[in-house]
Amino acid sequence: MFERIISHVCAYTHAENSRDSELIQLVSWIQEQSGSGLTLVGHHVDSFTNSDGTNALVDGGVPYFSIRQLKSGRSRSGSLQRVIALWPNSEMIADIEDNLSDLKALGVLTFSFKDIESWRVARQAIDVLKLAPTSKLPELPIELLGALRSLTLRVNLSSGLSHPMDFDAALLTFKRLRDSRIHFDGDQIEIWAMSNGWASSDASELGALARDIASGKSRRLKARSEPYKAEILNHWREIGSK
């Protein structure tokens, strides 16, 4: 029930500021995956000029789009099936995954490990260089797991936390967990959400909200929802143990 069906496979290069030698291996991997074509996506309209390898691909006819072009629909995004993201941050990866309904394979030419950490763990992405240690999905406390499962059933996942009632449900969940001294980590929550039905950008927002509440930051309710009663912990334990 809580496992997201991922329609695309993922890989990355375990080298910070990956360059042409890593790109060659990433291209070889993506050409072996299902789907058709190859498209490059970067931060700016000219990001592909940052390396001889990406320049050569574009000169050879491989389409290139900036993330802004992709989001605006200028890339005819629904037809893109095999994509290499050039030196993306977490926001750019989320935009690619959330805007490409036909995506079959996503390769990431890494710039910073920090920028891709949650994504690579959540997606169980393959390191084409075979250098990275194996990553496991985080094991969460039973109360936290039950709370996240309950929240996932309650929230409209097509719109994330955009509705005031859904935002309040998440906010009150984290406040109850904090007040009950249940430890939770925003990065782990983001990873869990990405693996369990949440769109990448919405999972990122959920993780950010969790980090705010865990750090003691004040966030206001949007719909003046009623706080959860203490008994909710028993309900979450029951759901988390299943």
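Where a number appears in this text, it was derived from the coordinates with a stated rule and is not lab data. On a predicted model such as this, the values are computed, not experimentally measured, just so you know. Here Cβ is always computed from backbone atoms with ideal geometry, including for glycine, and neighbour counts include all displayed protein chains.
The value for the stretch 119-169 of Rg(Cα) / (2.2 N^0.38 Å) is 1.58. Panel values: the stretch 142-240, Kirkwood radius from alpha carbon pairs, Stokes-Einstein at 10 °C and 1.306 mPa s, translational diffusion coefficient 121 µm²/s.
Looking at the stretch 5-58, what % of the alpha carbon pairs are farther apart than 19 Å?
It works out to 32 percent of all Cα pairs.
Here are some values of Rg and Dmax of the Cα atoms in Å: (i) 17.0, 54; (ii) 17.1, 50; (iii) 19.5, 63. Which one was computed from this structure? The calculated read-out lines up with (iii).
Once the gyration tensor of the Cα atoms in the stretch 9-127 is diagonalised, the equivalent ellipsoid follows with semi-axes of 18, 17, 14 Å, ordered largest first. Among the GluC sites (Glu not before Pro) found in the stretch 137-242, those both in a DSSP coil and sparsely packed, with 16 or fewer other Cβ atoms within 10 Å of their Cβ, are Glu139, Glu231. Normalising the average separation of contacting C-alpha pairs (under 8 angstrom, six or more residues apart) by the number of residues puts the relative contact order of the stretch 142-240 at 45 percent.
Just want the ordering: Arg123, Arg237, from fewest to most Cβ atoms lying within 10 Å of their own Cβ.
Arg237, Arg123
Between the C-alpha center of the stretch 1-66 and that of the stretch 143-213 there is a gap of 31 Å. Computed from point charges on the beta carbon alone (+1 for Lys and Arg, -1 for Asp and Glu), the dipole magnitude for the stretch 142-240 about its Cα centre is near 340 Debye.
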